[in-house]
There are 4 protein chains.
Amino acid sequence: MKRVVESHLRVRYAETDAQGVVYYANYLVWFEVARVNYLRALGFDFRSLEQQITVVIAEANCRYLAPARFDDEIAVRAWVEEVRRTSLVFAYAVYNRASGQLLTEGSTVLVFVTLGAQPRPIEIPTALRQALLAEPADGECEEPVVVCKS
Amino acid sequence: MKRVVESHLRVRYAETDAQGVVYYANYLVWFEVARVNYLRALGFDFRSLEQQITVVIAEANCRYLAPARFDDEIAVRAWVEEVRRTSLVFAYAVYNRASGQLLTEGSTVLVFVTLGAQPRPIEIPTALRQALLAEPADGECEEPVVVCKS
Amino acid sequence: MKRVVESHLRVRYAETDAQGVVYYANYLVWFEVARVNYLRALGFDFRSLEQQITVVIAEANCRYLAPARFDDEIAVRAWVEEVRRTSLVFAYAVYNRASGQLLTEGSTVLVFVTLGAQPRPIEIPTALRQALLAEPADGECEEPVVVCKS
Amino acid sequence: MKRVVESHLRVRYAETDAQGVVYYANYLVWFEVARVNYLRALGFDFRSLEQQITVVIAEANCRYLAPARFDDEIAVRAWVEEVRRTSLVFAYAVYNRASGQLLTEGSTVLVFVTLGAQPRPIEIPTALRQALLAEPADGECEEPVVVCKS
């Protein structure tokens, strides 16, 4: 039973392109918004992390199924697919909230690394690992946690 | 007594730059978000407009007073400074919601134009003009209207 | 023997993020620049295409090996990995021009579709297919074609 | 007689919006590209500056006269309008290279500040001030210096 965090946003004009739809790179921006909201919902303060170690993206993948348009209301669901020693795999699904249609699916691999000129992979901080692996509370995952503001 | 619409958003990592602060062009994106929310709060459907006539930006100005950083919660206040025959002047003030600090101030001039290869300025649609000029209802403007999702 | 087109660009401040490196979504923008240059180098006028049929991205993938920083001079190599009936697979490799280091690798799937409200996949235009499949001229591929301006 | 540095770029698909033209905030990105090229043409290494002091934008203004479209070849001319004690005023003019049409005009105010949590304005570094104020060499300004790659 997985924990899913859902972020709501509305398509900005800035995010559209000359085809009248959201430009393909911008879904990776939404994935980032969803990922940050996921970690925050877990009680994780992203800014405190940044002082000691940091995370980098090692891989990003996205499949585009249907377009989003200006002013559409969007839901981005994020969950953790895999917890490894020094990295996490996040998965995402982007929906049009009015129609319920699935628009894109994707994943990213996040690696925890040391700060500095020569970053090296480092173990996921213990508190975060425990929070990620903790069994969701009863009923917590029947519906995604919704994070309104992005 | 002016109508002020306040939009709330959170700084995305994508919006920061190598100085660790929000890149200066991104405030114009936030202005657009605030402007669209303002017009929506007035009962204006931006997408219906786009079918007949359209709006273009003729001018944008921004003064930068203090930086915003990743994950900061931001309020963007928007109001109409001036209603002309074929154009509108919007003004904006961007705040850090935690500290209340004013971060940037700006304005944009929007011109209503005909669609097509040779756009010409055209009068602001009557319904919109009336809505823009209508006296706000009693108490409506004591506090800004808050539009949570952007 | 494949045809490789190399595009040169310099990292913009706008493309960096608070980690001081290029934000991960921006590599997909560079892929687009490289893809457009590839097709132009093949004699393909992207704007003429857009009038009849259009292309959409069905999939994008990126692996991040090393960061790029503000003002770095970058080479993006693009080539066609596979020509299918209605789609093309492009592959990309991004290098730091000063060090020669490989920074990211990626691929995108482009699908040719009809214009209109219900886009359907359509065969790759014959002239383009022939150009894509034509054996590169002698010596053409010993070095990538370099497209300076992006 | 002023020194003008001209940067050439091509409109990226990512820079367009649903109106089929370049999104208004992106001109500020091009201003940054032009400004960095201007300073580099003056022999100024932007990256070395960043280690000691830094520059922030205090103000940005843009007037939009005509749109740019995908794949258009663009020239951005930049020059210094005013050299103050701790700040510089840059001006910009953006042209369509094929038609010669002026598309946008703008300006930004750059302030030199100390690094750290409480940045304070600081005098423009002497070497840079001298380079900015030096009389252009004979013939240098008859035509803008052209910086191809951006």
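Taken over the range B:1-18, the criterion of being touching a residue at least 24 places away in the same chain (Cβ under 8 Å), over 20 Å from the mean Cα position of the chain (by Cα) and buried (at least 20 other Cβ atoms within 10 Å of the Cβ) is satisfied by B:T16 alone. Among the residues of the range A:57-73, is any assigned to a strand (DSSP E or B), in contact with a Gly (Cβ under 6 Å, 6 or more places away or on another chain) and free of Cβ contacts under 8 Å to residues at least 60 places away in the same chain? Yes, that holds for at least one residue.
Listed by first and then second residue, the pairs linking a residue in the range A:94-116 that is at positive phi to a residue that is surrounded by fewer than 21 Cβ atoms within 10 Å (Cβ to Cβ) and in a strand (DSSP E or B), with Cβ atoms under 8 Å apart and 6 or more places separating them unless they lie on different chains, form an empty list.
Identify, from the list A:R85, A:R77, the residue that is loosely packed, with under 14 Cβ neighbours inside 10 Å, at pLDDT 90 or above and in contact with a Pro (Cβ under 9 Å, 6 or more places away or on another chain).
On the way: A:R77 fails: loosely packed, with under 14 Cβ neighbours inside 10 Å.
The conditions single out A:R85.
Report yes if B:V146 is out of contact with any Leu (no Cβ under 9 Å at 6 or more places or on another chain) and closer than 24 Å to A:E73 by Cβ, otherwise no. Explain how you work it out, then say what you get.
Working: out of contact with any Leu (no Cβ under 9 Å at 6 or more places or on another chain): yes; closer than 24 Å to A:E73 by Cβ: yes.
Yes, satisfied.
Quick grid of which residues meet (1) touching a Pro at 6+ places or on another chain (Cβ under 6 Å); (2) at pLDDT below 95; (3) in a helix (DSSP H, G or I):
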{"residue": "C:R3", "(1), (2), (3)": "yes, yes, no"}
{"residue": "C:H8", "(1), (2), (3)": "no, no, no"}
{"residue": "C:A14", "(1), (2), (3)": "no, no, yes"}
{"residue": "C:Y27", "(1), (2), (3)": "no, no, yes"}
{"residue": "C:F31", "(1), (2), (3)": "no, no, yes"}
{"residue": "C:R35", "(1), (2), (3)": "no, no, yes"}
{"residue": "C:L39", "(1), (2), (3)": "no, yes, yes"}
{"residue": "C:F44", "(1), (2), (3)": "no, yes, no"}
{"residue": "C:R47", "(1), (2), (3)": "no, yes, yes"}
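Working only within the range D:96-105, note down all residues that are assigned to a strand (DSSP E or B) and over 12 Å from D:R69 (Cα atoms). Scanning the range D:96-105 gives D:L102, D:T104, D:E105.
In the range C:43-68, how many residues are within 16 Å of D:R10 (Cβ to Cβ) and more than 7 Å from every other protein chain (Cβ to nearest Cβ)?
To start, the set of residues in the range C:43-68 that are within 16 Å of D:R10 (Cβ to Cβ) comprises C:44-47, C:50.
Filter once more, keeping what is more than 7 Å from every other protein chain (Cβ to nearest Cβ): C:44-45, C:50.
Adding up the residues that qualify gives 3.
Annotation note: of B:E6, B:E81, B:E105, B:E73, the sole residue that is within 11 Å of chain D (Cβ to nearest Cβ) and acidic (D, E) is B:E105. Each residue in the range B:61-99 was checked for being in contact with a Ser or Thr (Cβ under 6 Å, 6 or more places away or on another chain) and of a type outside the set (A, V, I, L, M, F, W, C), and 2 pass. Among the residues of the range B:101-119, write down those that are surrounded by fewer than 19 Cβ atoms within 10 Å (Cβ to Cβ) and over 21 Å from D:A58 (Cβ atoms). If the condition is that a residue be surrounded by fewer than 19 Cβ atoms within 10 Å (Cβ to Cβ) and over 21 Å from D:A58 (Cβ atoms), then B:V113, B:T114, B:L115, B:G116, B:A117, B:Q118, B:P119 are the ones that fit.
Against the condition more than 14 Å from chain A (Cβ to nearest Cβ), in contact (Cβ under 8 Å) with a residue 12 or more places away in the chain, surrounded by 16 or more Cβ atoms within 10 Å (Cβ to Cβ) and within 15 Å of A:N61 (Cα to Cα), how does C:A91 come out, does it pass? Even if it seems obvious, please write down each step before you answer.
Working: more than 14 Å from chain A (Cβ to nearest Cβ): yes; in contact (Cβ under 8 Å) with a residue 12 or more places away in the chain: yes; surrounded by 16 or more Cβ atoms within 10 Å (Cβ to Cβ): yes; within 15 Å of A:N61 (Cα to Cα): yes.
Yes, satisfied.
On the stretch given as the range B:16-25, residues that are in a loop (DSSP other than H, G, I, E, B) and more than 7 Å from every other protein chain (Cβ to nearest Cβ) total 1. Annotation: of all residues in the range B:26-42 being aromatic (F, W, Y) and facing chain D (nearest Cβ under 9 Å), the one that is farthest from B:V11 (Cα to Cα) is B:F31.
The values are calculated or read from the model by the stated rules, or taken from the named source; none is laboratory data. Small disclaimer: the values here were computed from a predicted structure and weren't measured. Positions of Cβ are generated from backbone atoms using ideal geometry, with glycine treated the same way; all protein chains shown enter the neighbour counts.
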